[in-house]
Amino acid sequence: MIKRLSKVIIPIMSSSQRVTDAKPAYSTETKEFKDPFGKVGDKYATFRPTYPQQLFDIINDITKDTPQELAIDVGCGNGQATVELGKLFKSVIGVDPSLSQISNAKKADNIQYKQSPAEHIDQPSNTADLVTVAQAVHWFDLPKFFEESKRILKPNGYLIIWCYGTATYLNEEGQKVHHDFYENILGDKYWLPNRRFVDRRYIDIIPPFENTSRKSISFQKTLSIVNMIGYYSTWSGYSKYLTENEDYLPTLKKRLMDAFKTDDENFEITIEFPIDIVISKMN
């Protein structure tokens, strides 16, 4: 059996556990949107992992007591989640403040995209059966976003937000390289503080809804070393790193190839992501 490096484990509440009495561990307010992905919108669409079907089966099961007429995907990025929601709902609106992301978003006949901040969405009140946020809510001004969600949701509508955490390599040597890049080369100097919401698996994301629960799943992804390097290139922490340093990714690719004892950049590796889901329902 492959031994994995030890990691900090954050306790996750069960899917039926209420979180209304909990309080965020630190400030959740973001005063100004600064697009951390604007320069890598095309790479984001190419290299970011797609979400597993299991996630959308969960969303479909949760929302089957609604008409499933309209879903609004906030912070939609390149539309990875938006297009999947389009298979469940009659209409979907994807909103994102980043023009680069919207320009690279996936298209479908029942989907429209709007450039908009999460805190001020151009949508009439009480019109959405579902509001979703995939891997983005940690960038929002949370109190304002939660109020905006309550405004646009119908009675008995749902707010479902999720994140996938930092990948774990199913190879000890590869995991050592990955961990060093994430924690030491980038670390707190280049990761924005918002990223720690993800590291803590959204335990500090506490929507002010009476009916809120949590659920966790995981998925594996097999990809080549060179595509893993492409994924690293989309990290907001690495974008900040490049403002002060030369490109480290060629060195990182060499380190990974050495870890896997290969001279082939197309050598396939397997990584695993946790997905943490926060589910809130309007009364």
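With 10 Å bins beginning at zero, the pair-distance distribution over Cα atoms of region 208-277 amounts to 17, 35, 28, 13, 7, 1 %. Per-residue extension of 0.36 nm, minus the Cα-Cα distance of ASN194 and GLU246, leaves a gain of 16.3 nm for this segment. Distance from the Cα centroid of region 213-282 to that of region 104-151 is 26 Å (rounded to whole angstrom).
Listed values for region 270-283 are Karplus-derived 3J(HN,Hα) couplings in whole Hz (6.51 cos²θ - 1.76 cosθ + 1.60, θ = phi - 60°), namely 10, 10, 10, 10, x, 10, 10, 10, 10, 10, 10, 10, 6, 7, and x replaces Gly and Pro. Amide hydrogen proximity for LYS114: with H placed 1.01 Å from N in the peptide plane, the residues at 5 or more positions away or on another chain lying under 5 Å are GLY94, VAL95, ASP96. Backbone amide hydrogens, once placed in the peptide plane, bring GLU69 within less than 5 Å of LYS90, ASP129, excluding anything fewer than 5 places away on its chain.
Karplus-based coupling profile of region 240-246, in residue order and whole Hz: 5, 4, 5, 6, 10, 9, 6, with θ = phi - 60° in 6.51 cos²θ - 1.76 cosθ + 1.60 and x standing for Gly or Pro. Here the Karplus curve 6.51 cos²θ - 1.76 cosθ + 1.60, taken at θ = phi - 60°, turns the phi angles of region 219-224 into couplings of 8, 10, 9, 10, 8, 7 Hz, with x standing for Gly and Pro.
Values in this text are rule-based calculations from the coordinates and carry no lab data. Bear in mind the structure is a predicted one, so any value in this text is a computation, not a measurement.
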